[in-house]
Each structure stands twice: as C-alpha cells, then as structure tokens.
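Have a look at the structure below before the remarks.
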Amino acid sequence: MNRSGAARSGKLAAGPEQGAFKPLDQTAFQRLEHGAFLKGLLKPFKGKGELGQLRALCEGLLEALIQLAERQVLDQVDGYPYSLLPIRLTRQSTGAGTVFLRWRRADRSQMGVQLWNELITDLRTPQALLADLYHIEIQRIALNMQISLVHSIGRQAGECAEKMAQAEQVYLRRVQAMDSIHQASTME
C-alpha cells in the first residue's frame, strides 16, 4: 500500500512525510541542562537552599525552552508558506509569567487547537502542507508540556523552600525559647 493509501486507511507507518518544517531534534535539547535537572529533582532535600537551587535551575531551563520555542519553532512558521494560512502559531504569555505556543486566527479573533483541527480538515488547505502542520502541532504539544512541567516544578520548589524557611523559623524560636528558659533556671 502506498503512503496515500496508508493515510486513507488511518495508518501512518512512519508518520507523515516531513516538508519544510524541521521539528526539534535531540541536538536542540543538548544545550539545555535537562540531565542535571532530572538528577537534582529526585533526591532527599535537606533544606531550603537546595530547593532554591532547584527553583533557579527550573527558571533557567524554562527560559531556555521558551527561547527554543521562539527561535527554532516560531521563526520557522512565521514565513512562507505558513503566512498564507488563516491561522498562525503564536507566542502567548500567561499571567503566571510563562509562555505557551497557541494557534490563533490571523485576525486575532479566535485562539485554540480547534483552529488547527479546522485547518487540517479544511479541503482548501494545501495537501502539501498537511504533514508540516501535523509536525508543527506535535512539536507545539510537546514543548507546551515541557514548559508547563518545568514551570510547575520550579513553582513547587519555590513554595517548598518558603515552607521550609517558615518551619526553620518556628523551630529556631522554640529552640531559643528553650535556651532562654534553661539560662534563666541556671542563673537562679
């Protein structure tokens, strides 16, 4: 069965053929410190300092992922032939301070993955772009997941560091109170 027959039957043996869009490969991620990040995540944290380090690592990794999305994905899809389509892949900043890739109408009237679904199923969409649009969507989903996970881990590390600092303050107040009581009783 040829590729178009496989696609019609719903089976994509090796996935859609790639066109002009080049999905990120392992080398794009090698510059990121993801190995050190994973090693630093699953360990017995002994205090707020280590969690602060994890938070800082997440912040750096998050910034690197966002730059990767902007410079290696968005830069590819900003030009021809994608600029002729009625929807665009864009950068959306969130209130939480991070960035996600979103599909948006060129006139900015609507946003969401439903636009991509409509574009793929629209018979006016050139067949030559279908595989690229598929690869772009797969890349968008994966990058958004990675950005979300790193952002959440960093936020959680920061919150845990604050809780540990509060616990340390309560502990130290108690120890100091005990020391004061002990010193007062020895002076009598």
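Computed from the coordinates by the stated procedures, all read-outs in this text should not be read as laboratory data. Small disclaimer: the values here were computed from a predicted structure and weren't measured. A quick note on method: Cβ atoms are made from the backbone with ideal geometry, for glycine too, and the neighbour counts reach across all protein chains shown.
Per residue of the chain, what 222 nm ellipticity follows from adding -39500 (n - 2.57) for every DSSP H run with n ≥ 4, rounded to the nearest 500?
Value at 222 nm, helices only: -20000 deg cm²/dmol.
Would you mind checking which residues have amide H under 5 Å from G19's amide H? H placed 1.01 Å from N; only 5 or more apart, or other chain.
For G19, the qualifying residues are D132.
What does the extension gain come out to for F29 and Y80, with contour length at 0.36 nm per residue minus their alpha carbon separation?
15.8 nm
Work out from phi, with θ = phi - 60° and the Karplus expression 6.51 cos²θ - 1.76 cosθ + 1.60, the ³J(HN,Hα) of each residue of region 140-148, listed in order in whole Hz, and give x for Gly and Pro.
Residue by residue, region 140-148 yields 4, 4, 5, 5, 4, 5, 5, 4, 5 Hz.
Please list the non-local residues whose amide H lies under 5 Å from the amide H of F45, H modeled 1.01 Å from N, same-chain partners needing a gap of 5 or more.
Amide H neighbours of F45: none.
Within a 10 angstrom radius of the beta carbon, how do L130, L42 rank from fewest other beta carbons to most?
L42, L130
Could you work out how far the C-alpha centroid of region 126-157 sits from that of region 45-101, in angstrom?
Each part reduced to its Cα centre gives a spacing of 10 Å.
For region 48-183, just the Cα atoms, rotate onto the principal axes and tell me the three extents in Å, largest first.
Reported extents, whole Å, longest axis first: 85, 25, 19.
From the phi angles alone, apply the Karplus equation (6.51, -1.76, 1.60; θ = phi - 60°) to region 159-174 and give each ³J(HN,Hα) in whole Hz, x where the residue is Gly or Pro.
Values, residue by residue: 5, 5, 4, 5, 5, 5, 5, 5, 4, 5, 5, 4, 4, 5, 4, 5 Hz.
Going by how many other beta carbons lie within 10 Å of each one, how would you line up R155, R55, fewest first?
Ordered by Cβ neighbours within 10 Å, fewest first: R155, R55.
I want the local charge near E118. Using Cβ-Cβ distances under 15 Å, sum +1 for each Lys or Arg and -1 for each Asp or Glu among the other residues.
Net of charged neighbours comes to +2.
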